[in-house]
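The values are calculated or read from the model by the stated rules, or taken from the named source; none is laboratory data. Keep in mind that what you see is a predicted model, and the values were worked out from it rather than measured. In this analysis, Cβ positions are derived from the backbone assuming ideal geometry, glycine residues included, and neighbour counts consider all displayed protein chains.
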Amino acid sequence: MRDIVVEKVTKEELLEKSRKPGRDAMKLHPFYRGKIEVVPKCVVRDLDDFGIWYTPGVAEPCRDIAKNPDRVFEHTNKANTVAVVSDGTRVLGLGDIGPRAGLPVMEGKALLFKYLGGVDAVPIMLDTKDPDQLIQAVTWMTPGFGGINLEDISSPKCFYILDRLRREVDIPVWHDDQQGTAAITLAAVINGLKIVGKRMDQALFSIIGVGAANVCLIRTLIKAGVPGRNIIAVDSTGILHPHREDLPALEEENRYKYQIALDTNGEGRTGGMAQAIRDTDVCIAASRPGPGTIKPEWAASMNDDAVMIAEANPIPEIWPWEAEEAGVRIFGTGRSDFPNQVNNSLGFPAIFRGTLDVMATTISDEMHIAAAYAIAEVAEQKGLREDYIVPTMEDWEVFPHEAAAVGRTAIEQGLARRTLSREELYQRAEATIRRAREETRFRMQKGFIPPPPE
């Protein structure tokens, strides 16, 4: 057992560390008045150049696009522009705080898109909670964007919105809380099981929470080779199984959860979280913030050499040291101050980079699964350890590697408008991402981005 004093100090230090970003945010957000801005990417040698970029010269590319609609990707920045769309109904751990209060998060998302993926992203906050109105708004705006990133939209309407938009528009639509979380979590599972010497198609999984993230994760695990019968999912009511009393209601209210009840849990387990976790090899939680959501004795009931990923923020469902003392061998969280951070930021910038570079028409499940394997490969190349199962955001080589894997998968599936080799995709992604990072550093050095106040 850990020394009690050490545990107390660790908790105090973590609490203080967790408060610092919020304090700094309240100073720096008003100082910079946001995190992104629009800057030119074309030359302006003198005022005559405006005759090229605007009237009268701009009429010629307009005519060309009118005759050949796909030329819009050549004449404009559409092929590198993503809309980050949210209604603010499920923002981080804050819940339904509305579109205005959610804007700082979407600006942050746009910053990560640019710095990590070289993707130009624009926050679009929609003042409606009606899913059909949101779908209509996104449909209307698609001519100006190369992709749509849905963000922080409440469940279950987020599934309906994503499914319809993927069917109805001709650009990629992605919901990061679903597909992004699934991609990075799958990468952590791949390498966690590799370290403990277990096969994914033989491991038994407990899934804690059946919201947007884990609904997509369950589908992703099955497509990646995990038998549905080896997955035990539990929501706030209990374990999902075909004989739950509320199953008829679920069929009406949440058909995604209803289908999980039919397709998983080969043992026919019943009960709650404790019964779901018992004797499993992998536990993945995306549920209520802890501590105490997962009790140490439940973690202790897992099989030997267990893998646990507790993704709730700001506090995971169980503290890392509690899981370790309970016998869990590999443990990951969503936090940057613990080892094995399972962070969406490792996924969406590069997944969109690869998608946009081949001008794909959608982002398939196979594309984000390819991203997961690429993320896992980079960590393996750098040397897997129990405290290093996925790369960190400092391992920036993961992003072009991942983008190339995504682009090639889109090409192989016939979803791409442009065909490039894996090497060409890698070089293109690396150059674009490097430029974005170096531009930011240059603007800081020259004072165009002023240093923060003391």
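Things to note:
- Members of the stretch 335-351 found to be part of a helix (DSSP H, G or I) and surrounded by fewer than 24 Cβ atoms within 10 Å (Cβ to Cβ), listed by number: 344, 345
- Candidates 413, 427: the one that is in the same structural domain as residue 364 (by TED's automatic domain parsing), without any contact (Cβ under 8 Å) to a residue 60 or more places away in the chain, of a type outside the set (Asp, Glu) and in contact with a Ser or Thr (Cβ under 9 Å, 6 or more places away or on another chain) is 413.
- Scope the stretch 248-263; condition in contact with a Leu (Cβ under 7 Å, 6 or more places away or on another chain) and within 11 Å of residue 233 (Cα to Cα); matching residues: 257, 260, 261
- Condition broken by residue 404, with the remaining ones in (1) part of a loop (DSSP other than H, G, I, E, B); (2) touching an Asp or Glu at 6+ places or on another chain (Cβ under 9 Å); (3) surrounded by 14 or more Cβ atoms within 10 Å (Cβ to Cβ) satisfied: (1)
- Positions within the stretch 265-305 being at pLDDT below 95 and surrounded by 22 or more Cβ atoms within 10 Å (Cβ to Cβ), in sequence order: 286, 287
- Put simply, of 332, 354 the only residue that is touching a Pro at 6+ places or on another chain (Cβ under 8 Å), outside any loop (DSSP other than H, G, I, E, B) and either in contact (Cβ under 8 Å) with a residue 24 or more places away in the chain or among the basic types (Lys, Arg) (or both) is 332.
- Residue check for residue 362: crowded, with 19+ Cβ neighbours inside 10 Å, assigned to a loop (DSSP other than H, G, I, E, B) and not aliphatic (A, V, I, L, M): yes
- Odd one out for residue 391, checked against (1) within 18 Å of the chain's Cα centre (by Cα); (2) under 24 Å from residue 310 (Cβ atoms); (3) assigned to a helix (DSSP H, G or I): (3)
- In summary, residue 453 fulfils each of the numbered conditions (1) in contact with a helix residue (DSSP H, G or I) (Cβ under 9 Å, 6 or more places away or on another chain); (2) in a helix (DSSP H, G or I) with the single exception of condition (2).
- Matching helices (runs of 4 or more DSSP H) fully within the stretch 182-264 where at least 3 residues are crowded, with 20+ Cβ neighbours inside 10 Å: 212-223, 255-263
- Residue 419 being over 29 Å from residue 309 (Cβ atoms), surrounded by fewer than 13 Cβ atoms within 10 Å (Cβ to Cβ) and of a type in the set (Ser, Thr, Tyr): yes
- Within the set 355, 361, the sole residue that is modelled with pLDDT under 95, over 11 Å from the mean Cα position of the chain (by Cα) and in the same structural domain as residue 431 (by TED's automatic domain parsing) turns out to be 361.
- Restricting the stretch 1-54 to residues that are surrounded by 10 or more Cβ atoms within 10 Å (Cβ to Cβ), among the small types (Gly, Ala, Ser) and part of a helix (DSSP H, G or I), the residue that is modelled with the highest pLDDT: 51
- Single unsatisfied condition, residue 419 versus (1) of a type outside the set (Gly, Ala, Ser); (2) farther than 27 Å from residue 106 by Cα; (3) within 18 Å of the chain's Cα centre (by Cα); (4) not in a helix (DSSP H, G or I): (3)
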